[in-house]
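The values are calculated or read from the model by the stated rules, or taken from the named source; none is laboratory data. Since this is a predicted model, take the numbers as computed values, not measurements. No Cβ is skipped: glycine too gets one built from the backbone with ideal geometry, and neighbour counts run over all protein chains shown.
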Amino acid sequence: MSSVPQEGDLAPDFSLPTDQDDSITLSHYRTGNTVVYFYPRDDTAGCTKQAIGFTECSAAFKAAQTLVVGISADTVSKHKKFRDKYDLGIVLASDEDHDALEKYGVWVQKNMYGRKYMGIERSTFLIDRTGKIARVWRKVKVPGHVAEVLEAAEALNG
């Protein structure tokens, strides 16, 4: 497993297909800040609450010149169903090969009921317009998280 990026590090670049029938390359977004949040799976309770939370605050993130991108290992077609079912207004990127997941250190061994398996650790990275990681949230708990990320994004704009 690769080392985990820290605040102040240059954000690892990635290029992934999205639910918008295109792809997103992180290094192409330098006109504003970017929130990259990693989540375990589409259409599960916590992931749905998180995606809806980011969608409900999408106008505020836009006002803070911040793009929000959610990444999981789900397929693009699964992302489209998830987006349409909940009318999501954020970019959902598919990382089936775990490239970005591994670069950000969020593809980790998990343990549930004594069973060990590999999965995505819910994590969020706030990246400033220079491409540096401004804030990192690991092992995210969904309640209150979107508001905390929004506050940090607004603070980046001074």
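Tell me which strands (runs of 3 or more DSSP E) are completely within the range 2-68 and hold 3 or more residues being surrounded by 17 or more Cβ atoms within 10 Å (Cβ to Cβ) and in contact with a helix residue (DSSP H, G or I) (Cβ under 8 Å, 6 or more places away or on another chain), or say none if there are none. Before you say what the answer is, go through the steps one by one.
Details: elements: 15-17, 23-25, 33-38.
Ranges flagged: 33-38.
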Kindly indicate whether any position in the range 14-36 is of a type in the set (D, E) and closer than 18 Å to D128 by Cα.
-> no
Does any residue in the range 110-123 that is closer than 13 Å to K139 by Cβ and acidic (D, E) come within less than 6 Å, Cβ to Cβ, of a residue that is modelled with pLDDT of 95 or more and surrounded by 10 or more Cβ atoms within 10 Å (Cβ to Cβ) six or more places away or on a different chain, and which pairs are these?
-> E121/V106
Of the residues in the range 69-98, those that are of a type outside the set (S, T, N, Q) and in a strand (DSSP E or B) come to V69, G70, I71, V91, L92, A93
Identify the single condition in (1) touching a residue at least 60 places away in the same chain (Cβ under 8 Å); (2) at positive phi that W107 does not satisfy, given that it satisfies every other one.
-> (2)
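If we scan the range 127-145, do we find a residue that is at positive phi, out of contact with any Phe, Trp or Tyr (no Cβ under 8 Å at 6 or more places or on another chain) and loosely packed, with under 14 Cβ neighbours inside 10 Å? Lay out the reasoning, then the answer.
Here is the first cut: in the range 127-145, the residues at positive phi are 131, 139, 144.
Checking which are out of contact with any Phe, Trp or Tyr (no Cβ under 8 Å at 6 or more places or on another chain) leaves us with 131, 139, 144.
If we keep only those that are loosely packed, with under 14 Cβ neighbours inside 10 Å too, we end up with 139, 144.
Within the range 127-145, one or more residues are at positive phi, out of contact with any Phe, Trp or Tyr (no Cβ under 8 Å at 6 or more places or on another chain) and loosely packed, with under 14 Cβ neighbours inside 10 Å.
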